[in-house]
Amino acid sequence: MAETLKKRHSIARIELANITKQYPGCLANDSVSLTLMPGEIHALLGENGAGKSTLVKTIYGVVAPDSGDILWDGKAVEIKSPSKARELGIGMVFQHFSLFETLTVSQNIELCLSKTQLTSIGNLSHKISELSTKYGLNVDPSRYVHSLSIGERQRVEIMRCLVQSVKLLILDEPTSVLTPQEVSGLFVVLRTLAKEGCSILFISHKLHEVTEICQQATILRAGKVIATCEPARETPATIAKMMVGELAEQDAGYSKKEGHHTLFTVSALNLTTKQPFGTSLKNINFELKAGEILGIAGVAGNGQDELMAIISGEDERNTGHALSLEEQSIGQLSAGQRRKLGMAYVPEERLGRGAVPDMSLTENTLLTHSQGFIKKGLVQWQPLKAYANKLIVQYKVKCHGEFSEAKSLSGGNLQKFIMGREIGQNPKVLICAHPTWGVDVGAALAIHQALLALRDQGAAILLVSEDIDELFLLADRMAAVCDGHLSPVVKTADTSIDQIGQWMAGTFISTPAHHTEETTA
Amino acid sequence: MMRIQARTEPSSLMKVASPLIAIVCTLLFGCILFSALNKNPFEALHVLLIAPLSDMYNVGEMLVKMGPLLLCAVGLSLCYRANMWNIGAEGQLLAGALGGSVVALTFIDSESVFVLPCALLAGIVSGMLWAAIPTFLKLRFNSNLILTTIMFNYIGLYLLIWAVNGPLRDPDGYGFPESALFSEAATLPTLFDGSRIHLGILFAILSAFIGWFVLTKTHLGFQIRVFGADEPAAKYAGFNSKKLSWFVMLFSGALAGLAGVSEVTGPIGQLVPNVSPGYGYSAIIVAYLGRLHPLGAIVAAIFLAVLYMGGDLAQIQMGIPVAVVGMFQGVLLFFLLACDFFIRNRLIFNKQATH
């Protein structure tokens, strides 16, 4: 009723009616309908695999729906390709940016414009500067992209849409790569855009953001619209309930612990990056204690990958005394030797690093867990299979069996398997990168509880994550990285999202004296 | 316009069928080629592929050619599984032939039962040494293994030619570039009277089973497979890449060396300049045709050996140049790689809508 009423006032910017898309073995969108008015900020919510990406790809012309209609400004259209979508005035900012690092901002923007667009714009740099001031984007057209922060790159992506006079802007998890302060900056831009009449479709996992900025929300589960709501009238908890049922409530309020003795130390670690646009580590110091989770927050690309690689030993450079385990220096040991001493590691990339895609789960168990399954150089396949089955049952890994290839598992299930495999070795120290990135709420709950159980057994856990809520949920102590510097380490109870957010942006770097004082304390 | 797109799910049926499709394509190509040469294509293919298996003598000769192909291919299968692109089986084979010959000729007057084992061992060690140098260069200086192993093929060949023209030349051989015939004690026993099937062929089949055992049953073999399938995962797991590289290269060198010494102490019986008609290179095709599986290499080695035999017969019976064999091998590898490419990718024509 409400919808028909709205239509009388004005014509919807875009209206999706009964969009259905069937993939082999998976009904990605099941008769999904969605209406966006001009100037409306609309949230699209749902777990991983709920069908959000398929739906936005349909709008952006990447995916052709099997059935259903799309009305644009009240007229039926067929969006056959992204260029057709752009012609209509649909712009999209993907989660992973598609910018050339070695080109300038204006060159990057120029690349995606057609000749007619370019001639109608005239001086592109002028136009960029003009739009930049108008919307407070703060984008300098002459700067090279590799010199920009992640937040700035995102604004370049948005600028790219604005230059093409966008009427509908789709943002796929735009805030997952931003510091809290950058998020508020983005919201200012989005609100200005909306005021101008631009419709915004906003995909996010972070529900408090949705309640803050969105006027309407559509919630998908298993390809179907299961609810629509006005986020302003809801709380994050009630929306979470709509998304996943009762699970979300369980995953909260874990008690904090204090570590016992120091197990693992990083002292005065300096390391030049090997990657052309990587981040060098600058005087990193911290201690990891038995029975605690130390969380490291930070926006991706601020030295986390380099830090993880040097701690795990995958970066084979000898760091000597900079790393020590139980007062024994391990910087000279290989990754395999460090594992033998009781270190385990859950990498960010599950498929292709944490697990071999074409190998069975049994073989992937053997990848890091060989102790007890090798006799005189021969693999004891039978006990290994039994153990793999045990892991599958214990961690509720959804798969056909131990013979399933790793690549046949969903991201969340593979992550549960990898987590189980690493925890099953009873590590003294577990290094864990982005454990629930892209994992649905149910699997995240299981992973959180497994990590806490390991902590309570007395293991020391280093948790590197971009998800600040997750860090506050799990970590007993916290720090942040920015540009290869590590902030002071503080108890989670003594800090705030605001402080960690500022540290993620690097506010601690200018006071190095203060820095060393705090970390050694 | 067309472009290439990766398939999301390569067909597992096609992975097995690909060698067969490649063989069929090669045969079709052969028909066209022979027609162009004004030969009856069916007769030519018969001589090339069926005649070598028509009587026991020919089967025996085929097995004699299969032996060195298989020995080299098993080693190469392991190397390629571990992403070590060893193209040097030919050189390692020649080094093995040379090393074994030195021992056989040094003890040419001895009748001891230890001469043959010593010669075989010398061949194996020489092959390992010839594989060790490029391996060292790769691990120490990150040199390109493909290039260095190819270079060592030529160094091995010219070293052998120098030896048969110099220090190892038969003093009573009227100046021909050949060594003296080896003594009975330094000759591999034949398995059947009247044929040239020798112990080396058993070594080859045994090596295929050892290779299979290593790959599927041992932890070392598992690490090799992980290395080949997913190097970042191997690094993540902390596998020792140097140890694995050394193992596969030395294993491959040892088998190629054994192949070489088995040739000179077996069917040839002396050191000659042309010990190998390119077995070490053909073994690359055998390894791929056998899907880098040591047991698959047995079947593939038989096929290539038939082709070698057939080439000889075709030259004698039909006057087809022996270079046709090389061409067949090359075309076979080409089709095999093409089939593998289309298992993983497909062509998209721009007119079609993309999904």
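Here, each number is a calculation from the coordinates, and none is a lab measurement. Keep in mind that what you see is a predicted model, and the values were worked out from it rather than measured. So basically every Cβ, Gly included, is an ideal-geometry build from the backbone, and we count neighbours across all protein chains shown.
Data overview
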read-out	value
Within straight-line cross-link reach of A:Lys390, aspartates and glutamates at Cα separation under 16 Å, skipping those fewer than 8 residues along the same chain	A:Glu363, A:Glu402, A:Glu422
Chain B: C-alpha gyration tensor shape, a/c 1.5 cut-off, then a/b vs b/c	oblate
Residue order, fewest to most beta carbons within 10 Å, for B:Met318, B:Met309	B:Met318, B:Met309
Residues A:Asp358, A:Asp467, sorted so that the one with the fewest Cβ neighbours within 10 Å comes first	A:Asp358, A:Asp467
Estimated FRET transfer efficiency (B:Ser195, B:Ile32; beta-carbon r; R0 35 Å; 0.05)	0.45
Cα long-axis angle, helix B:199-217 against chain B (0 to 90 degrees, to the nearest 10)	40
Gain on full stretching of the segment that runs from B:Met318 to B:Arg7 - 0.36 nm per residue minus C-alpha separation	107.5 nm
Values of log10 I(q)/I(0), in the order q = 0.08, 0.14, 0.19 Å⁻¹, for the range A:25-164 under a Debye, Cα-only, solvent-free model	-0.26, -0.77, -1.20
Burial ordering of B:His219, A:His42, fewest other beta-carbon atoms within 10 Å first	B:His219, A:His42
Label-to-label distance, nm, for residues given as B:Lys242 and A:Glu101 (7 Å Cα→Cβ offset)	2.9
Candidate aspartates and glutamates - alpha carbon under 17 Å from B:Lys15, same-chain residues fewer than 8 apart omitted	A:Asp358, A:Glu405, B:Asp340
A:Gln380/A:His321 FRET efficiency (R0 35 Å; Cβ-Cβ; nearest 0.05)	0.40
Positive-end residue of B:Val325, B:Gly253, B:Val226, charge dipole of the range B:217-355 with Cβ unit charges	B:Val226
Set A:Lys289/B:Lys235; A:Lys127/A:Lys167; A:Lys340/A:Lys407 screened for pairs whose C-alpha atoms are more than 20 Å apart	A:Lys289/B:Lys235; A:Lys340/A:Lys407
Of A:Lys52/A:Lys428; B:Lys65/B:Lys217; A:Lys241/A:Lys416; A:Lys206/A:Lys428, pairs whose Cα-Cα distance is over 31 Å	A:Lys52/A:Lys428; A:Lys206/A:Lys428
Estimated [θ] at 222 nm from DSSP helical runs (n ≥ 4, -39500 (n - 2.57)) normalised by residues in chain A, nearest 500	-10500 deg cm²/dmol
Debye-sum result for the protein assembly as shown in log10 I(q)/I(0), which assumes one identical scatterer on each alpha carbon, at q = 0.05, 0.06 Å⁻¹	-0.39, -0.56
Pair A:Ser81, A:Gln449: separation of 7 Å Cα→Cβ label points (nm)	5.0
Whichever aspartates and glutamates have a C-alpha closer than 13 Å to that of A:Lys256, once near sequence neighbours (fewer than 8 apart) are set aside	A:Glu292, A:Asp456, A:Asp476, A:Asp494
Rg ratio (alpha-carbon, reference 2.2 N^0.38 Å) - chain A	1.04
Cα-centred dipole magnitude for chain B, charges only on beta-carbon of K, R (+1) and D, E (-1), debye, nearest 20	1900
Inter-label distance for B:Lys15 and B:Leu53, nm, one decimal - labels placed 7 Å from Cα along Cα-to-Cβ	2.7
